[in-house]
Amino acid sequence: MQELILVDLDRTLFDTESWHQALSAAMSGETPNGPDDLIDYPPKSFLYPDAESFISKFDFTIFTYGEESWQRIKIKVSKLTHEVLFAETEDKTKLIELMMGSGKYSRVVLIDDKLKNFKGYEKLPNATGFLVDRRRRFINDRMPSNVTRIESLEEITSL
Ligand SMILES: [Mg+2]
């Protein structure tokens with residue numbers, strides 16, 4: 001059986017705020033060819049620096065919620081070639097439960113920046129999670145017993 005490593009995109013690997021700023025600048029005519037410049041020749045990487053080293057170290061599937069065409073643009077801009085799973089509801093735990101129910105996977109790891117995405121997570125057998133808390137918003141929150149709060153992806157040295 002396989003191990004399933006699922007990594008969220010927005011604010012986990014991808015700096016969504018910087019992207020929105022660059023996109024709104026491009027849309028308001030601050031770049032020669034508008035948003036196309038940003039998509040085809042991104043002026044910088046919108047991946048967090050710690051995400052770049054994480055990506056080079058681990059194999060994983062991107063597990064994202066959001067409008068599929070926009071998510072695909074962010075993935076393209078980031079030059080990510082990973083398999084992508086689009087969550088159709090925001091309840092990621094439920095989807096993971098369904099995937100685990102198939103019997104195909106022996107273990108699952110979820111890495112995500114939203115605490116609510118780990119709701120009910122401790123009930124999943126063979127599941128481990130990392131909450132990426134870059135802005136230390138969840139420092140006083142109780143974590144599910146199988147979830148570790150981290151402030152940088154560099155804190156994950158083995159999976
Ligand atoms: Mg996110």
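The numbers here are math on the coordinates, done by the rules we state, and not lab data. All figures in this text were calculated on a predicted structure; none of them were measured in a lab. Neighbour counts are summed over all protein chains in view; Cβ atoms, including those assigned to glycine, are modelled from backbone coordinates with ideal geometry.
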Can you list residues whose amide H is under 5 Å from Leu9's amide H, if they're 5+ apart or on another chain and H is modeled 1.01 Å from N?
-> Phe63, Tyr65
By how many nm would the segment from Ile150 to Glu17 lengthen if fully extended, with 0.36 nm per residue of separation less the alpha-carbon distance?
-> 45.9 nm
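Loop only per DSSP, at most 16 neighbouring Cβ atoms within 10 Å: give me the trypsin sites (Lys or Arg not before Pro) in the stretch 70-122, ordered by residue number. It would help to have the intermediate numbers written out before the result.
Details: sites: Arg72, Lys74, Lys76, Lys79, Lys92, Lys94, Lys104, Arg107, Lys114, Lys116, Lys119; in loops: Lys79, Lys104, Lys114, Lys119.
Passing sites in the stretch 70-122 are Lys79, Lys104, Lys119.
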Can you pull the one-decimal nm distance between simple spin-label points at Lys119 and Glu52, each 7 Å off the Cα toward Cβ?
-> 3.6
Report the residue, chosen from Leu131, Leu115, Leu95, that carries the largest GNM mean-square fluctuation when the chain is represented by alpha-carbon nodes joined by springs under 10 Å.
-> Leu95
Expected vector for the stretch 91-105, Karplus 3J(HN,Hα) from phi with 6.51, -1.76, 1.60 and θ = phi - 60°, integer Hz, x for Gly and Pro, equals 7, 5, 4, 4, 5, 5, 4, 5, 5, 5, x, 6, x, 7, 10
Integer Hz, Karplus 6.51/-1.76/1.60 couplings in order for the stretch 72-82, x for Gly and Pro = 5, 5, 4, 5, 5, 4, 7, 6, 8, 10, 6
Quickly estimate the mean residue ellipticity at 222 nm for the chain, helices only: each DSSP H run with n ≥ 4 gives -39500 (n - 2.57), and the total goes over all residues, rounded to 500.
-> -8500 deg cm²/dmol
Pairs of lysines 8 or more apart, or on different chains, with alpha carbons under 21 Å: count those in the chain, would you?
-> 20
With a point put 7 Å past each Cα toward its Cβ, work out how far Ile73 is from Asn140 in nm, to one decimal.
-> 3.8
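Grab the other residues whose beta carbon is less than 14 angstrom from that of Lys79, score K and R as +1, D and E as -1, and report the net.
Numbers: positive: Lys44, Arg72, Lys74, Lys76; negative: Asp40, Glu52.
It works out to a net charge of +2.
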Give the value in nm², to one decimal: projected area of the alpha carbon convex hull of the stretch 32-159, averaged over all directions.
-> 8.9
